[in-house]
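*Asks:* The structure under discussion is supplied below as structure tokens; questions concerning it will follow.
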Amino acid sequence: MKRLLFSVVALLALSFAHAQEETPTGSGFKAGDVLITGSAGFGTSKTGEAKTTTFNFTPRVGYFVNNNIAIGVALGYSSQKDEGTGYYYDPYGNEYYGFEQKRTSFDVGAFGRYYFTPANKFSIFGQLGASYQFSKYEYAVDYGAEEKTNGFVVAVAPGINYFISSHFALEATFGILSYTTSKPDYDAVYADETSTNSFDFGLNFSNINFGLVYKF
């Protein structure tokens, strides 16, 4: 965590230094601009005979209603697949040898951003977003059970962007505060389907996202 915080501070300091340079013609944002941004990631990890594969893709499109404020829509998709050997217990207490399970999640929502220095090469912004989330957790064992969850997410995230050309910018957002409400929908009629409400506040690797912005 100390290394992460040091890296973030160093990035901010370097960006502020570059921001003092003359901004190239066409860099920065203004009213009427459209931005396309997003992030994507893929990863695998293996411990013994257990293997985990993850993938995520989150595109966004925004429109500047004035020089400082952009509003837009966002989509999201993520998946995680776990597979391996060994004894596995499903949520209902059944025991199996060997397992394969997969979680997929879809998001659709809207966001708003306020850019503090939009016309500059470097800018800090604040983002407020709300989305509807649908996820499915499949237990790929003999009986083929699955769990579905529907919910809403509201999140506040500060961010920074730095133009590397007149149309392209690097972007980073830091998830700080979020509220999530969700309700599971199990196959088994006797399963607990109580809604869950949760708050999340903090800074860690899971809520830091890097992306590329295209402006036109």
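*Asks:* Picking from PHE174, PHE125, which residue would you name as being modelled with pLDDT of 95 or more and more than 27 Å from GLN101 (Cα to Cα)? If you could, list the steps in order and put the result at the bottom.
*Replies:* Details: PHE174 fails: modelled with pLDDT of 95 or more.
The unique qualifying residue is PHE125.
*Asks:* Something else about it: Do we find a residue being β-branched (Val, Ile, Thr), closer than 30 Å to PHE216 by Cα and modelled with pLDDT under 85 anywhere in region 38-47? Before you say what the answer is, go through the steps one by one.
*Replies:* Taking region 38-47 and keeping what is β-branched (Val, Ile, Thr), we get 44, 47.
Imposing the further condition that a residue be closer than 30 Å to PHE216 by Cα reduces the set to none.
No, every residue in region 38-47 fails to be β-branched (Val, Ile, Thr), closer than 30 Å to PHE216 by Cα and modelled with pLDDT under 85.
*Asks:* What residue, of THR173, THR149, THR181, THR117, is surrounded by fewer than 18 Cβ atoms within 10 Å (Cβ to Cβ) and assigned to a strand (DSSP E or B)?
*Replies:* Details: THR173 fails: surrounded by fewer than 18 Cβ atoms within 10 Å (Cβ to Cβ); THR149 fails: surrounded by fewer than 18 Cβ atoms within 10 Å (Cβ to Cβ); THR117 fails: assigned to a strand (DSSP E or B).
Result: THR181 is the single residue among THR173, THR149, THR181, THR117 that is surrounded by fewer than 18 Cβ atoms within 10 Å (Cβ to Cβ) and assigned to a strand (DSSP E or B).
*Asks:* Please verify whether TYR77 is over 19 Å from the mean Cα position of the chain (by Cα) and at pLDDT below 95, treating the condition exactly as stated.
*Replies:* Numbers: over 19 Å from the mean Cα position of the chain (by Cα): no; at pLDDT below 95: yes.
No: the conditions fail for TYR77.
*Asks:* Could you list all residues from region 152-170 that are in contact (Cβ under 8 Å) with a residue 12 or more places away in the chain, under 17 Å from LYS215 (Cβ atoms) and either surrounded by fewer than 19 Cβ atoms within 10 Å (Cβ to Cβ) or among the small types (Gly, Ala, Ser) (or both)? Give the derivation first.
*Replies:* First, pick out the residues of region 152-170 that are in contact (Cβ under 8 Å) with a residue 12 or more places away in the chain: 152-163, 165-170.
Subset that is under 17 Å from LYS215 (Cβ atoms): 159-163, 165-170.
Result: GLY159, SER165, SER166, HIS167, PHE168, ALA169, LEU170.
The values are calculated or read from the model by the stated rules, or taken from the named source; none is laboratory data. Since the structure is predicted, the reported quantities are computational estimates derived from the model, not experimental observations. Note that each Cβ is placed from the backbone with ideal geometry, even for glycine, and that neighbours are counted across all protein chains shown.
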